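Undergrad: Submitted below is the structure of interest, expressed as structure tokens.
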Amino acid sequence: MKVLHVITGLGDGGAEAMLYRLCSHLPEVTHVVVSLMDEGKYGPLLRDAGVAVHCLGMPRGRLTGRGLLSLWQLMRRERPDVVQTWMYHANLVGGVVARLAGVRAISWGIHHSALEPGKTSMTTIAVARVCCLLSYVVPRKIVFCSGKSAQMHKDIGYCFKKFIIIPNGYDLSCFRPDSESRARQRSEWGVSEGMPLLGMVARYDPLKDHQTLLSSLGLLKRKGLAFRCVLVGSGMNRDNKEVLSQIEKEELDETIILAGKSNDVPGVMNALDLHILSSLSEAFPNVLAEAMACGTPCVTTDVGDAALIVGDAGWVVRPEAPEALADNIEKALSFIIDKQRKSEISKSARLYICNNFEINHVACVYLDAWSCLKNNAK
């Protein structure tokens, strides 16, 4: 089977990571990946995995005639059995061009769970609305990574008869407890083993709501709790004046580590004693499962399928509630400082991810869906 994937870009994001893991764990499928923009982080990684990658070089948020023609020519030349698109813009462009190129087996992929003005760009909202109309005629299947995302899209009028929910999957040989990695990363940040280390792996974005996280940490600091917190992700560095201003306001200068982007997320997750997600909106937040697979428990806001991911091995609070977030972080810290309770919840967290979100199982679900599409398109 040949599957041609169309994705908006190949930067450092959840959908991009899932695409890479899927291609890496289905060697029986010939994968061709097309980025509407550039090769980003995952282009070279996909090529190293033996996947053909094509970049159309279209500017962010803008289509070009040359790019659209190149995509049509690629589809005509590759003659894929299935076209799998990823995220709104690629669903629209890849889906329509695939139909024009004569491909009938088209599957959309949706990784959004909220479309709110002020939090989501107006361009994305407009594209999502157009996709809503086209969902009845372009794709044969629409894959959602979370149940809440599927429900939201059903509510706004997407063709729910085509829905299929496939959660993200994780390579548990990569994301696993690793004491050496833990010691190395904590040493790099200057954090002793006895100091509780909190952290959040997320790019700087209004939807990640770092403001609520910092407010909650300020509350804990003023209560006299001892801890350090590392913020990892694009934009989380000392060039970010807004973050620096709030850190100073909350008197967290000696508490917060701004680590920027990391190429060793498993190392980061192992170094943490507790991962926190303060987001306003998510679909299926990868960072929770990645942390738990490394044995790191999580406190998260109740967004997307976050509560489903953490199960009984974590704490869930409502969004935009610094006091509630602080209270639950404090509860989690009481587990962390008790070695036996920490060991128990760490084992429970990893086991839950192993049993529910292992990549080989998830890849088989995708393969079955594509096989059905291929067979029905004949």
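Undergrad: What pairs come up if the first residue lies in region 102-127 and is free of Cβ contacts under 8 Å to residues at least 12 places away in the same chain, the second is open to solvent by 20 Å² or more (accessible area, probe 1.4 Å) and in a strand (DSSP E or B), and their beta carbons are under 8 Å apart, counting only those six or more places apart or on different chains?
TA: So the pair list comes out as ILE125/PRO117.
Undergrad: Additional query: Out of ASP305, ASP327, ASP338, which single residue is open to solvent by 10 Å² or more (accessible area, probe 1.4 Å), acidic (Asp, Glu) and either over 22 Å from VAL230 (Cα atoms) or in contact with an Asp or Glu (Cβ under 6 Å, 6 or more places away or on another chain) (or both)?
TA: Residue meeting the stated conditions: ASP305.
Undergrad: Continuing with the same structure: Restricting attention to region 38-89, which residues are within 20 Å of LEU134 (Cα to Cα), open to solvent by 50 Å² or more (accessible area, probe 1.4 Å) and over 18 Å from the mean Cα position of the chain (by Cα)?
TA: Within region 38-89, GLY61, ARG62, LEU63, LEU68, TRP72 qualify.
Undergrad: Still on this structure, please answer the following. Please work out which one of (1) open to solvent by less than 40 Å² (accessible area, probe 1.4 Å); (2) touching a Gly at 6+ places or on another chain (Cβ under 7 Å); (3) in contact (Cβ under 8 Å) with a residue 60 or more places away in the chain is the condition ARG350 fails and give its number.
TA: Every condition holds for ARG350 apart from (1).
Undergrad: Separate question: Criterion first (in contact with a helix residue (DSSP H, G or I) (Cβ under 6 Å, 6 or more places away or on another chain), under 30 Å from VAL103 (Cβ atoms), open to solvent by less than 50 Å² (accessible area, probe 1.4 Å) and in contact (Cβ under 8 Å) with a residue 24 or more places away in the chain) does ILE359 satisfy it?
TA: When the stated conditions are applied, ILE359 passes them.
Undergrad: Restricting attention to region 323-378, which residues are of a type outside the set (Asp, Glu), outside any helix (DSSP H, G or I) and within 24 Å of ASP178 (Cβ to Cβ)?
TA: Matches in region 323-378: ILE337, PHE357.
Undergrad: Same structure again: Between a first residue in region 221-236 that is among the β-branched types (Val, Ile, Thr) and a second residue that is modelled with pLDDT under 95, which pairs have beta carbons less than 6 Å apart while being 6 or more apart in sequence or on different chains?
TA: From region 221-236, the pairs are VAL232/SER262.
Undergrad: Residues that are of a type in the set (A, V, I, L, M, F, W, C) and over 18 Å from LEU10 (Cα atoms): does region 52-59 have at least one? Can you show your working first?
TA: We begin by selecting, within region 52-59, every residue of a type in the set (A, V, I, L, M, F, W, C); these are 52-53, 55-56, 58.
Those still in the list that are over 18 Å from LEU10 (Cα atoms) too: none.
The answer is no; no qualifying residue exists.
Undergrad: I need every pair where a residue in region 176-199 that is under 22 Å from ASP338 (Cα atoms) has its Cβ under 6 Å from the Cβ of a residue that is open to solvent by 40 Å² or more (accessible area, probe 1.4 Å), sequence separation at least 6 or different chains.
TA: VAL191/ARG228; MET195/ARG228; LEU197/ARG228
Undergrad: Moving on to the next point. Restricting attention to region 165-192, report how many residues are of a type in the set (A, V, I, L, M) and farther than 30 Å from TRP370 by Cα. Don't jump to the end; show me each part of the working.
TA: Going through region 165-192, the residues of a type in the set (A, V, I, L, M) turn out to be 165-166, 172, 183, 191.
Within this subset, residues satisfying the condition of being farther than 30 Å from TRP370 by Cα are 183, 191.
The total comes to 2.
Undergrad: Does LEU92 satisfy being over 21 Å from VAL365 (Cβ atoms), in contact with a Cys (Cβ under 9 Å, 6 or more places away or on another chain) and open to solvent by 30 Å² or more (accessible area, probe 1.4 Å)?
TA: Criteria met by LEU92.
Undergrad: If you don't mind, there's one more thing I want to ask. Take ALA126 and decide whether it is among the small types (Gly, Ala, Ser), open to solvent by 10 Å² or more (accessible area, probe 1.4 Å) and part of a helix (DSSP H, G or I).
TA: Yes; evaluated as a whole, the condition is true for this residue.
Undergrad: Do we have ALA289 as open to solvent by less than 50 Å² (accessible area, probe 1.4 Å) and at pLDDT 95 or above here?
TA: In short, yes.
Undergrad: Surrounded by 15 or more Cβ atoms within 10 Å (Cβ to Cβ), within 30 Å of CYS174 (Cα to Cα) and not small (Gly, Ala, Ser) - does that describe any residue in region 241-256? Full working, then the answer.
TA: Residues of region 241-256 surrounded by 15 or more Cβ atoms within 10 Å (Cβ to Cβ): 243-244, 246-247, 250, 252, 255-256.
After this cut, where a residue has to be within 30 Å of CYS174 (Cα to Cα) as well, the list is 255-256.
Okay, now just the ones that are also not small (Gly, Ala, Ser), so 255-256.
Yes, region 241-256 contains at least one residue that is surrounded by 15 or more Cβ atoms within 10 Å (Cβ to Cβ), within 30 Å of CYS174 (Cα to Cα) and not small (Gly, Ala, Ser).
Undergrad: Something else now. Just give me the residues in region 101-118 being in a strand (DSSP E or B) and either aromatic (Phe, Trp, Tyr) or more than 18 Å from the chain's Cα centre (by Cα) (or both), in sequence order.
TA: Selection gives ILE106, SER107, TRP108, PRO117.
Undergrad: Give the residues of region 167-215 that are crowded, with 21+ Cβ neighbours inside 10 Å, touching a Pro at 6+ places or on another chain (Cβ under 8 Å) and over 20 Å from PHE227 (Cβ atoms), sorted by residue number.
TA: Correct list: PHE175 only.
The values are calculated or read from the model by the stated rules, or taken from the named source; none is laboratory data. Worth saying up front: this structure is predicted, and the values here are computed from it rather than measured. Backbone-built Cβ (ideal geometry, glycine too); neighbour counts: all protein chains shown. We work out accessible area using only protein heavy atoms, side chains counted, and drop any ligands, DNA or RNA first. Shrake-Rupley method; radii C 1.70, N 1.55, O 1.52, S 1.80 Å.
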